[in-house]
Amino acid sequence: MKYFPLIWAGLWRKRARTCLTALSIVVAFSLFGIMRGVTAGLNDAIAEFTSETRLITQSRINIIEPLPLAFLPRIESIDGVTSVVPYGYFGGYYQEPRNQINTAAVYIDEFLEMYPEFVLPQEQLEAMMRTRTGAIVGRDLAERFGWKIGDRIPLGSTIHTQRDGSSVWELDIVGIWHMRDERVESDDIYFHFDYFDESRSSGNGTVAVFMTKIGDVSRSAEIAERIDALFANSPNETFTQNERDFALAQIEQLGDIDFFVNAIVGAVLFTLLFMTGNTMMQSVRERIPELAVLKTYGYRDAGVAALVLAEALILCAGAGLLGLGIAAAAFPSVFEAMGVVPLPLPGSVVAIGLAAAGFLAFVSALPPALRAQRLSIVDALAAR
Amino acid sequence: MAAIVSIRNVLKGYSRGKQRVEVLHGLDLDVEEGEFLALMGPSGSGKTTLLNLIGGLDRPDKGEVVVVGERLDRLSSGRLAQWRARNVGFVFQFYNLLPVLSAERNVEVPLLLTKLSAKERKRRVHAALELVGLADRAKHKPTELSGGQQQRVAIARALVSDPVLLVCDEPTGDLDRETSDSILELLQLLNREHGKTIVMVTHDPKAAGYASRRLYVDKGVLVDRTMGAAA
């Protein structure tokens with residue numbers, strides 16, 4: 001600690017240069033924090049808000065290809081399956097197609113049993129079960145459009161039409177649900193699958209996916225295989241995976257996000273390495289006589305090298321920490337803007353960031369530190 | 001009085017590219033404790049090389065260098081650094097202060113290697129600055145001080161760890177006459193009142209006049225100016 005003023009003063013020998021280098025590190029580590037945070041945060045969000053006790057069965061061809069509703073009792077009959085719910089994508093919008101609303105037709109009571117993270121008052125559930133055209137609406141969505149229980153809303157579909165040719169379904173709001181975890185937005189609409197299926201003009205008797213609840217998480221893979229085996233070699237082969245893998249697969253469809261993030265962050269840090277290295281090299285080159293004076297007064301070779309390394313470490317760790325702090329402050333908003341739960345920046349990203357800052361400091365300061373270590377007092381003082 | 005510096009048959013040379021330049025040729029020297037010795041001579045005569053050997057900044061190619069009871073030519077680089085920290089204070093022609101540190105921080109630099117508490121370091125720094133007459137400039141950075149003041153700070157830094165030997169390389173080489181005299185008077189005071197042994201290299205005969213003994217180095221050997229022969 002007693003050497004700190006010496007290190008600190010060395011660091012600020014050229015204020016403008018140190019500030020610019022520090023600023024570059026701050027920006028780079030903010031970028032690192034947010035970009036790495038998005039990939040790590042998505043994985044964290046999936047781990048936290050999905051369950052391996054829920055399986056999703058889709059067509060083996062692709063998720064758009066419908067499956068026969070008749071598969072439901074056959075899936076239900078498999079040992080270890082607790083319940084099965086059909087899930088029909090509605091492709092909903094309100095008033096304008098740009099006001100897209102995630103809307104699905106399901107077996108409401110079984111769906112809510114399968115998803116205990118949804119909260120709906122009992123009397124509203126009972127009302128829903130009594131009302132054929134009923135819908136339960138997420139609280140955030142209801143607040144956004146000013147909807148309340150008792151309202152009848154016209155909900156358009158970008159996928160389906162009714163038998164009379166209309167693509168607008170009239171739904172009666174009988175319940176307003178919200179997520180048990182308040183951080184998660186409640187902005188979906190659910191209505192009766194039977195009503196949906198009977199009123200649509202095509203695709204009757206089919207579902208987009210089946211959602212299956214199992215009792216024993218350790219049997220997840222086995223039961224998924226048994227479901228798919230049931231329909232193997234049929235015109236409607238299935239592909240079943242647990243909810244977590246399903247969510248990860250959806251994200252992977254966007255591309256290899258990890259690869260892009262790592263490539264960008266790697267390029268930024270690599271550039272930074274040269275920049276910081278150049279700063280440290282210049283800084284040492286400019287004060288060769290000063291370092292020689294330290295040695296004259298008894299500072300050992302390794303001690304002088306340690307001072308140079310410490311300068312780089314303070315610069316990189318301080319600026320890196322500030323950058324990561326900015327990333328941590330901005331991260332929940334970035335995540336929210338992406339439509340994901342505004343989780344905090346994962347601790348693993350901060351830890352990796354600090355390790356990267358340490359590595360950056362060490363690698364960039366090593367050549368000048370070795371130069372300082374090998375410095376000959378006599379030559380340095382004679383400016384040779 | 002006992003010899004604080006004893007140099008026997010020292011050879012020292014440097015490589016300059018492919019050329020080898022022999023600087024000191026079998027030089028012998030004794031400096032007694034409490035002495036103020038001025039080493040004079042033309043440029044390239046080897047006086048700074050000799051001073052570097054006395055201060056433990058360099059090692060001879062051959063011969064013995066004993067300073068404050070230690071065979072410097074036999075010490076490892078680490079032990080030599082430790083020895084310098086304990087026994088020698090250095091004053092350079094261009095002061096060589098750290099420009100980013102205040103005067104008091106500059107003076108404190110040698111003490112950071114000791115186990116002294118911050119309070120004790122501060123006390124000693126203040127005493128050293130007081131001795132050179134710059135206590136009121138403690139917070140000033142070198143750029144805020146005149147050349148003479150900077151050299152006084154450098155002398156305070158050389159004194160702060162209370163070394164027995166002060167090694168001064170052209171301490172007034174960058175100063176005007178008046179300032180030079182005040183610096184030399186200060187060195188003389190340190191020698192006479194505080195018992196510091198001083199070995200000073202200078203070109204200036206007037207500066208050498210402040211020393212208790214003057215020796216001339218020419219072509220790598222000590223010569224007696226009056227006799228014109230090896231001393």
remark   = Filtering the range A:3-41 down to residues that are within 18 Å of A:Phe260 (Cβ to Cβ) and charged (D, E, K, R) yields A:Arg36
key: Residues within the range A:280-296 that are surrounded by 23 or more Cβ atoms within 10 Å (Cβ to Cβ) and either under 18 Å from B:Pro110 (Cα atoms) or at the interface with chain B (Cβ under 7 Å from one of its Cβ atoms) (or both), tallied   = 6
note = Scanning the range B:24-46 residue by residue, the ones that are open to solvent by less than 20 Å² (accessible area, probe 1.4 Å) and over 21 Å from B:Leu187 (Cβ atoms) total 4
ask   = Of all the helices (runs of 4 or more DSSP H) wholly in the range A:1-84, which have at least 3 residues that are among the hydroxyl-bearing types (Ser, Thr, Tyr) and open to solvent by less than 20 Å² (accessible area, probe 1.4 Å)?
value = A:15-49
Qualifying position, being among the hydroxyl-bearing types (Ser, Thr, Tyr) and either touching a helix residue (DSSP H, G or I) at 6+ places or on another chain (Cβ under 6 Å) or more than 30 Å from A:Val81 (Cα to Cα) (or both), among A:Thr206, A:Thr238 = A:Thr238
task = Run down B:Thr197, B:Thr179 and say which single residue is surrounded by fewer than 18 Cβ atoms within 10 Å (Cβ to Cβ) and not charged (D, E, K, R).
result = B:Thr179
inquiry  = out of contact with any strand residue (DSSP E or B) (no Cβ under 8 Å at 6 or more places or on another chain) and at pLDDT below 90: is that true of A:Leu23 in this structure?
reply    = no
Residues within the range A:200-219 that are touching a His at 6+ places or on another chain (Cβ under 9 Å) and either open to solvent by less than 30 Å² (accessible area, probe 1.4 Å) or outside the structural domain of A:Gln162 (by TED's automatic domain parsing) (or both), tallied = 1
ask   = Quick check: anything in the range A:54-76 in contact (Cβ under 8 Å) with a residue 40 or more places away in the chain, in contact with a Leu (Cβ under 9 Å, 6 or more places away or on another chain) and basic (Lys, Arg)?
value = yes
task = Please work out which one of (1) within 10 Å of another protein chain (Cβ to nearest Cβ); (2) in contact with a strand residue (DSSP E or B) (Cβ under 7 Å, 6 or more places away or on another chain) is the condition B:Val67 fails and give its number.
result = (1)
request  = Just one of (1) assigned to a helix (DSSP H, G or I); (2) surrounded by 14 or more Cβ atoms within 10 Å (Cβ to Cβ); (3) among the β-branched types (Val, Ile, Thr) trips up B:Thr143, so point out which.
outcome  = (2)
key: The lone exception for B:Ala154 - which of (1) facing another protein chain (nearest Cβ under 10 Å); (2) part of a loop (DSSP other than H, G, I, E, B) it fails   = (2)
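The values are calculated or read from the model by the stated rules, or taken from the named source; none is laboratory data. Everything quoted here is computed from the prediction, not taken from an experiment. Because the Cβ atoms are built from the backbone with ideal geometry, glycine has one as well, and the counts that use them run over all protein chains shown. Accessible surface is based on the protein model in full, side chains and every heavy atom, while ligands, DNA and RNA are left aside. Shrake-Rupley method; radii C 1.70, N 1.55, O 1.52, S 1.80 Å.
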